[in-house]
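The values are calculated or read from the model by the stated rules, or taken from the named source; none is laboratory data. As the structure is a computational prediction, the values presented were derived from the model and not from experiment. Every residue, glycine among them, receives a Cβ derived from its backbone with ideal geometry; neighbour counts consider all protein chains shown.
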Amino acid sequence: MQQEIRMFFPQRPRGAFCDPRFDEKASNCAARYHRSIPGYRETPLDSLPALARQLGLGSVFVKDESARFGLNAFKALGSSYCAARIIAEKLALPAGEISYDAIASPEGRAALGGAVLATATDGNHGRGVAWTAKMLGQKAVVYLPAGSARERVENICALGAEAIVTDWPYDETVRHAQRQADANGWLLLQDTAWPGYETYPLWIMQGYLTLAEEISRQMSGKPTHIFLQAGVSSMAAALAAYFAQSEWAKRAKIVLVEPTAADCCLRTAQADDGRMHPVEGELHSMMAGLCCGTPSTLAMEILLKTADAYAAIPDLWAARAMRVLGNPLDGDPRIVSGESGASTMGLLLALACQESSAPLRDALGLDFDSRCLLISTEGDTDRVNYRKVVWDL
Ligand SMILES: Cc1ncc(COP(=O)(O)O)c(C=O)c1O
C-alpha cells in the first residue's frame, strides 16, 4: 500500500496579511448567529499530551467537530450562516445583528419566498444544507457524486431533503447542480466559488469562522503549527485568513492537507502561474470530503498568500490516524474521527513516525517545542467504513 507523503513549501516572503472579510469582527458575527441557534453547543478542543510525548512534540490539540449540531461534522456552520445572510440582506439586517429568532421568524422565512435550496456535496455539506432548509421550513435538493456512501445519502433524506446520487465525480456533480438550480430557479448554496459565483461561497466560508472564534477562546497559549484539511479549501482558507491576521500569525505555520488522489491545491500552489490545476476524472480516496478536483477560486487566492506548506497523503495515513485517535494513550481523550476528519492527524503521524520524513519534519520545524493544532472535522459519518478501517477487517 502506498505510504509516501508529498509536501510543497512555497518560497514567498511572509508579509503582513489583512482581509476584513475574515477578521475577528467577521468571526464574531458568525459565532453570534450560531450561538443563537437552539441546540448550539461549543465543540471541545481536546489536548492529547500523551500522544504529543509519544510523537516527540510539545503539545497536540484537536478540535472535535463530531458533536456539531448533532450532525457529526462542522459543515452546517457554513450553509446555516449563508442562508441567514441571504435572509438578513432581504430584511436589511446588519451582519452583526443576525439572530436565529429573526431569521426563523415568519418574516425571515417569507423572505426566502419558498425557494428550494440546492447543492452538490460529498455528504457533509449536503447534510448541513438539508438541516438548514428544515430549520427554515424550506425544501432542499442535494446532489451527490457517484459512489457516495449509503449512510451519507440516508442522513440527508432523514432531514427531509431530496438526495440524488449522480453518475459523475464531485466537480461534474457541482456543474450539474448549478444547471439544475438555474433551470428551476433554485437557490444554489455551493461551498465552492468560481468566477461570477462568489457571494454565497464567501458567506459559507465566513460561517466556518465560528470554528476560529471558539478555538481562539479555548486554546491556552499559541500554536506553532495549524494543520487544515482541504477539499475545495473553503474551510482551510477561511481559517488560514483568520489566523494569518490574528495574534498567532507571527509564530504559527499553516499546513494544508489533501489526499494524494485529489491534490488540486498543492498542484495549483506549486505551478503558481495564476491558473487552477485541477485533478481530472475519478478521484479514488476514502477521504470523501476532500475528494474535490478543483479548488475554490476565492479560497485558493487566500491560500496562496497564507499557507506555509501543502501536503498530499495517501489513505493509509488517514486510516492510521482514525485508529490512533480512536484508541488513545493513557489519559488522552478518545476522538471518533472519520476519514477526512483524521487526515491532518494522518500527516502528523507520517511526519513524526517515519524516518524518511525527517527532512520534511525539519523543513516544518516540528520538534519538542511544537504546539500543533488540528481539527477533526467529522466523526464517523460513514460508520460502515469507520468500522472496516478501525477493525482492519
Ligand atoms: C469532514 C470534512 N472535512 C473537511 C472538508 C473540506 O472542506 P472544504 O471543501 O471547504 O475544503 C470537508 C468537505 O466537505 C468535509 O466534509
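Scanning segment 66-96 for residues that are under 15 Å from ALA31 (Cβ atoms) and either in a loop (DSSP other than H, G, I, E, B) or in contact with a Ser or Thr (Cβ under 6 Å, 6 or more places away or on another chain) (or both) yields ARG68, PHE74, LEU77, SER80. The residue that is surrounded by the fewest Cβ atoms within 10 Å (Cβ to Cβ), counting only those in segment 241-257 that are closer than 9 Å to PHE17 by Cβ and at pLDDT 95 or above, is GLN245. ASP308 passes every criterion in (1) under 17 Å from the mean Cα position of the chain (by Cα); (2) of a type in the set (Asp, Glu); (3) more than 12 Å from the ligand (Cβ to nearest atom); (4) buried (at least 16 other Cβ atoms within 10 Å of the Cβ) apart from (1). Can you confirm whether ALA319 is in contact (Cβ under 8 Å) with a residue 60 or more places away in the chain, of a type in the set (Gly, Ala, Ser) and under 27 Å from LEU144 (Cα atoms)? It is true that ALA319 is in contact (Cβ under 8 Å) with a residue 60 or more places away in the chain, of a type in the set (Gly, Ala, Ser) and under 27 Å from LEU144 (Cα atoms). Within segment 362-393, the residues that satisfy the criterion of being buried (at least 18 other Cβ atoms within 10 Å of the Cβ) and either more than 16 Å from the ligand (Cβ to nearest atom) or more than 16 Å from SER340 (Cβ to Cβ) (or both) are LEU364, LEU366, SER370, ARG371, CYS372, LEU373. Per the listing GLY207, GLY160, the residue uniquely outside any helix (DSSP H, G or I) and touching a residue at least 12 places away in the same chain (Cβ under 8 Å) is GLY160.
Tallying residues that are surrounded by fewer than 17 Cβ atoms within 10 Å (Cβ to Cβ) and over 22 Å from ASP182 (Cα atoms) within segment 101-133 yields 4. Checking each residue of segment 299-315 against the condition of being at pLDDT 95 or above and within 17 Å of ASP380 (Cα to Cα) gives at least one match. Find the residue count for segment 366-393, including only residues that are modelled with pLDDT of 95 or more, closer than 29 Å to GLU154 by Cα and of a type in the set (A, V, I, L, M). The total comes to 5.
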